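Take a look at the structure below.
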Amino acid sequence: MKKYLVFIIVILFYIIGFSQSEEKASLANPNATVYTHMHFLQKKTYAPQKSALTIYGLKGKEAIDKAIKLKKIFDGRGLKPNFTKIPTDPNYTDTTAFNIGHRYVLFPERLPKVYVEKYGDKWFYSKETVSLIDTIYKETFPWQIQWMQKWIPEAIADRMLLGVPLWKYIGFVILLLVLFIAFIVLNKIVYFLLHKIHKIAIKNTSMRIDVNLKKIARPVVLLILIGFLKRTIPSFQFNIDVNSVIFIALDFAKIVLWIYIFLRIVKLSMTIYAEYTKRTHIKLDDQLVPILTHFLTGIVIFLGGLKLLTLFGVSPASVIAGASIGGLALALASQDTVKNLIGTFMIFLDKPFHIGDWIETSELQGTVEEVGFRSSRIRAADTSIYQITNSKLSEIVINNKGMRLFRRYQTELGIRYDTPPEYIDLFVEGIKEIIKTHPYTNKDNFDVAFSGFGDSALKILVNTYFSVQDWSTEQRAKHILHMAIVKLAKIIGVDFAFPSSTLMIEQFPEKQPITMEYNKDMEEIKKQIITLTRELEQEN
């Protein structure tokens with residue numbers, strides 16, 4: 001019975017040993033090659049000579065050294081091959097670039113130069129990968145940490161705390177102190193450089209811009225420190241799971257910081273642009289500031305979101321394709337919105353009007369109060385509001401009264417029929433002098449003349465042009481002109497006529513016609529007219 005039991009045990013050990021020895025290295029496809037490399041460098045299946053078979057062109061210790069270094073590079077950078085995505089097709093062809101051939105890149109974003117390639121009927125790590133392993137290894141494990149390991153006494157370095165070598169705790173504390181000091185120093189240096197660049201580029205500065213520069217300097221310093229951390233962490237030789245979490249966290253923080261920096265750059269740019277628009281007379285630029293701010297902010301957040309998706313395993317090609325398809329679907333579903341958006345940019349590019357301009361179209365007329373992201377607001381003369389989409393506003397014919405170089409003003413004055421001829425002539429010349437000294441009139445183009453005989457008055461035509469840009473200033477210009485004419489009439493003694501009928505009553509007893517008494521001192525009248533024109537010159 002004992003002989004049978006021993007025989008069975010021997011047979012079982014033989015079967016187990018035979019099954020283990022039968023596990024062979026396979027280089028049939030990309031998946032098999034990468035699996036062979038990683039599998040035979042694990043503790044339970046450690047067989048470096050089999051892993052070294054994946055290294056093209058090398059054999060023996062040199063090939064084993066390259067295979068082990070490549071595994072350490074993956075572990076140090078927290079890169080875990082996803083075998084569910086690595087192709088199993090022996091004739092796999094990479095189609096991401098033109099005529100690239102039979103190759104597969106394991107980590108296109110992090111290690112684009114590390115890939116497997118088909119040679120004959122087998123897959124190996126490529127010649128280029130093998131030639132770069134030592135260089136990438138030195139980049140992954142900088143000398144500083146290795147030097148620190150040698151500097152720490154062996155009595156401390158060999159001790160373990162919670163299953164982790166004590167030197168790693170010491171090194172990590174030293175690293176945190178270095179990062180803290182570097183943050184303080186670099187923050188001042190980066191802010192100083194940004195401030196200098198800003199002063200050189202833009203002469204006028206403000207407190208708001210300085211605050212934005214400070215807020216940009218801090219994340220820039222953090223990005224520098226994250227880059228330093230990514231180069232330092234592998235040297236602590238944590239296991240691949242810990243490194244994977246650390247690097248994902250650092251990459252996530254890096255993308256978030258970049259999003260923050262670009263948002264700050266947008267805000268800083270819009271702050272500078274807003275200060276510039278305040279120095280211009282074009283009010284339409286003021287409306288462009290919030291629209292551009294929202295638009296650029298949306299682009300930054302959208303692209304940042306796409307980058308975050310790639311961090312969690314979504315391929316850039318899939319993200320771009322999805323964004324394109326989603327954007328097309330969104331555009332088709334909201335054609336009117338897209339059309340209005342394009343209309344908004346056409347208005348700001350062509351500038352057919354400015355804020356405060358009086359415009360007339362076939363459907364409405366009024367003052368432009370606001371140009372929004374989708375529509376514009378026009379206030380009519382009765383203070384009611386027209387809301388018109390920018391797509392329509394950019395297509396219709398617009399008569400912009402606000403863009404006129406001069407605003408024509410024409411009126412007829414009626415004076416009494418019994419006004420003496422010399423006073424008519426004096427009144428006409430006085431109005432001409434008023435126009436010449438008026439602060440808003442075109443001095444080279446105006447007409448004042450005795451134009452004809454009305455039913456109840458002698459007609460004086462006044463035709464002039466105001467050099468004003470908005471409706472309110474035009475009304476002020478009219479007010480100044482009217483008041484000056486009224487004062488002139490009072491100085492001369494000219495009376496304005498109104499609709500009336502003359503009844504002959506001279507033959508009635510004790511009835512006398514009404515006759516006007518005019519100032520006969522012509523020199524005194526001329527002096528008073530000169531005084532009036534001087535007062536008019538002081539109007540603003």
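The values are calculated or read from the model by the stated rules, or taken from the named source; none is laboratory data. All values reported here derive from a predicted model rather than from experimental measurement. Glycine also receives a Cβ, built like all others from the backbone with ideal geometry; neighbour counts cover every protein chain displayed.
Being part of a helix (DSSP H, G or I), surrounded by 16 or more Cβ atoms within 10 Å (Cβ to Cβ) and among the polar types (S, T, N, Q) is true for just one of S269, S244. Which residue is that?
S244
Of all the residues that make up the stretch 39-64, how many are within 19 Å of L132 (Cβ to Cβ) and assigned to a helix (DSSP H, G or I)?
Of the residues in the stretch 39-64, 6 are within 19 Å of L132 (Cβ to Cβ) and assigned to a helix (DSSP H, G or I).
If only one of L393, L364 is out of contact with any Leu (no Cβ under 6 Å at 6 or more places or on another chain), loosely packed, with under 15 Cβ neighbours inside 10 Å, not assigned by TED's automatic domain parsing to the domain that holds I530 and not hydroxyl-bearing (S, T, Y), which one is it?
L364
Give the residues of the stretch 295-311 that are surrounded by 13 or more Cβ atoms within 10 Å (Cβ to Cβ), farther than 12 Å from I255 by Cβ and either in contact with a Pro (Cβ under 7 Å, 6 or more places away or on another chain) or not hydroxyl-bearing (S, T, Y) (or both), sorted by residue number.
F295, L296 - these are the residues of the stretch 295-311 that are surrounded by 13 or more Cβ atoms within 10 Å (Cβ to Cβ), farther than 12 Å from I255 by Cβ and either in contact with a Pro (Cβ under 7 Å, 6 or more places away or on another chain) or not hydroxyl-bearing (S, T, Y) (or both).
Can you tell me how many residues in the stretch 455-502 are closer than 21 Å to W358 by Cβ and in contact with a Gly (Cβ under 9 Å, 6 or more places away or on another chain)?
Selection size over the stretch 455-502: 4.
Mind listing whichever residues of the stretch 1-38 are modelled with pLDDT of 70 or more, part of a helix (DSSP H, G or I) and of a type in the set (A, V, I, L, M)?
Selection gives A32, V34, M38.
Of E370, E422, E433, which residue is assigned to a strand (DSSP E or B) and of a type in the set (D, E, K, R)?
E370
Consider N400 against the criteria (1) more than 36 Å from the chain's Cα centre (by Cα); (2) touching a residue at least 40 places away in the same chain (Cβ under 8 Å); (3) surrounded by fewer than 17 Cβ atoms within 10 Å (Cβ to Cβ): it satisfies all of them except one. Which criterion is unmet?
(1)
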